[in-house]
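Read the structure below first, then the notes.
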């Protein structure tokens with residue numbers, strides 16, 4: 001389908017379906033912490049529990065959700081006795097871009113945080129690196145205002161998914177900035193509200209109507225996003241009695257996490273019809289296929305290219 005045809009059938013929906021579907025699986029605080037530990041190499045139940053201080057029941061439920069949805073698989077291992085390890089499937093390992101974007105966000109805004117490594121090293125060039133999410137076609141950085149959404153082959157107006165979700169108590173929320181990604185992405189409504197503002201909705205009523213969210217829930221999420229300095233508020237230019245909301249530089253730096261979740265949902269949750277939304281990169285006019293690149297050598301990164309420890313440069 002051509003881009004012009006897509007534009008002619010464009011929907012005014014704000015939340016991409018793949019984002020909503022991805023959040024249904026991993027959009028709670030403990031799920032994110034478990035994923036983080038899995039990418040650090042933690043595999044066994046008692047290791048997850050001791051490192052996270054999570055209750056046994058909560059951990060069992062999250063691991064069950066991940067195995068039921070093929071993000072983890074249980075592997076029997078002979079270790080004095082048979083024990084089971086929870087290992088990432090290809091579907092789970094494909095969340096690596098998302099995990100890297102979490103690290104990028106914390107590196108830029110919370111250098112003193114101890115829950116994530118201070119540095120990552122690229123095996124190919126051997127240097128400490130930052131990472132960027134870039135368009136694979138033009139190599140420009142993917143920014144919130146550079147992406148346009150259009151209905152994709154899997155889009156179906158009859159299949160509107162409810163965005164109403166039960167609030168999961170975020171036990172880590174009180175820890176504030178050190179758990180920035182967990183506070184925001186661990187609560188589905190917070191990330192959906194931030195995404196709506198990033199997509200151009202500025203006033204309370206527009207956000208509420210678009211997300212079909214209650215006023216008290218929206219007010220609570222706006223307070224959280226303001227307290228984390230992801231949003232600012234000011235008097236609306238059109239009506240001085242109303243407030244308008246804009247994303248800060250810090251808030252815009254959450255966007256690569258949102259895009260990586262959308263792309264992961266497109267690959268693994270879309271079904272046989274294909275992605276429900278197509279993302280166009282305005283800078284080059286191509287369908288967006290973002291990838292992560294080392295800022296030092298410009299090479300695209302894969303899961304086995306990154307080390308927590310200094311490494312010698314690969315020989316040619």
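For this structure, a couple of remarks:
- Scoring residue 81 on the criteria (1) modelled with pLDDT under 95; (2) closer than 27 Å to residue 263 by Cα leaves a single failure, condition (2).
To keep it simple, each residue is scored yes or no on (1) closer than 29 Å to residue 302 by Cβ; (2) part of a loop (DSSP other than H, G, I, E, B); (3) without any contact (Cβ under 8 Å) to a residue 40 or more places away in the chain.
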| residue | (1), (2), (3) |
| --- | --- |
| 54 | no, yes, yes |
| 58 | no, no, yes |
| 63 | yes, no, yes |
| 74 | yes, no, yes |
| 78 | no, no, yes |
| 83 | no, no, yes |
| 86 | yes, no, no |
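- Only one of the listed residues (269, 278) is modelled with pLDDT under 95, closer than 15 Å to residue 146 by Cα and surrounded by fewer than 22 Cβ atoms within 10 Å (Cβ to Cβ). That residue is 278.
- The lone exception for residue 122 - which of (1) more than 27 Å from residue 300 (Cβ to Cβ); (2) touching a strand residue (DSSP E or B) at 6+ places or on another chain (Cβ under 6 Å) it fails: (1)
- Taking the numbered list (1) surrounded by fewer than 17 Cβ atoms within 10 Å (Cβ to Cβ); (2) assigned to a loop (DSSP other than H, G, I, E, B); (3) free of Cβ contacts under 8 Å to residues at least 12 places away in the same chain in turn, residue 70 passes all entries but (3).
- Residues in region 227-253 that are in contact with a helix residue (DSSP H, G or I) (Cβ under 6 Å, 6 or more places away or on another chain) and in a loop (DSSP other than H, G, I, E, B): 3 in all.
- Residue 23 vs. criteria in contact with a helix residue (DSSP H, G or I) (Cβ under 6 Å, 6 or more places away or on another chain), modelled with pLDDT of 95 or more and either surrounded by 15 or more Cβ atoms within 10 Å (Cβ to Cβ) or at positive phi (or both): no
- On inspection, residue 310 passes the criterion of being loosely packed, with under 12 Cβ neighbours inside 10 Å and in contact (Cβ under 8 Å) with a residue 40 or more places away in the chain.
- Pick from region 88-114, criterion free of Cβ contacts under 8 Å to residues at least 40 places away in the same chain and in contact with a strand residue (DSSP E or B) (Cβ under 8 Å, 6 or more places away or on another chain), ranking: surrounded by the most Cβ atoms within 10 Å (Cβ to Cβ): 103
- Among the residues of region 225-239, just one is over 26 Å from residue 146 (Cβ atoms) and surrounded by 12 or more Cβ atoms within 10 Å (Cβ to Cβ), namely 227.
- Checking each residue in region 254-301 for being assigned to a loop (DSSP other than H, G, I, E, B) and either without any contact (Cβ under 8 Å) to a residue 24 or more places away in the chain or on the phi > 0 side of the Ramachandran plot (or both) picks out 271, 272, 274, 285, 298.
The values are calculated or read from the model by the stated rules, or taken from the named source; none is laboratory data. Everything numeric in this text was worked out from a predicted model, so none of it was measured. Note that each Cβ is placed from the backbone with ideal geometry, even for glycine, and that neighbours are counted across all protein chains shown.
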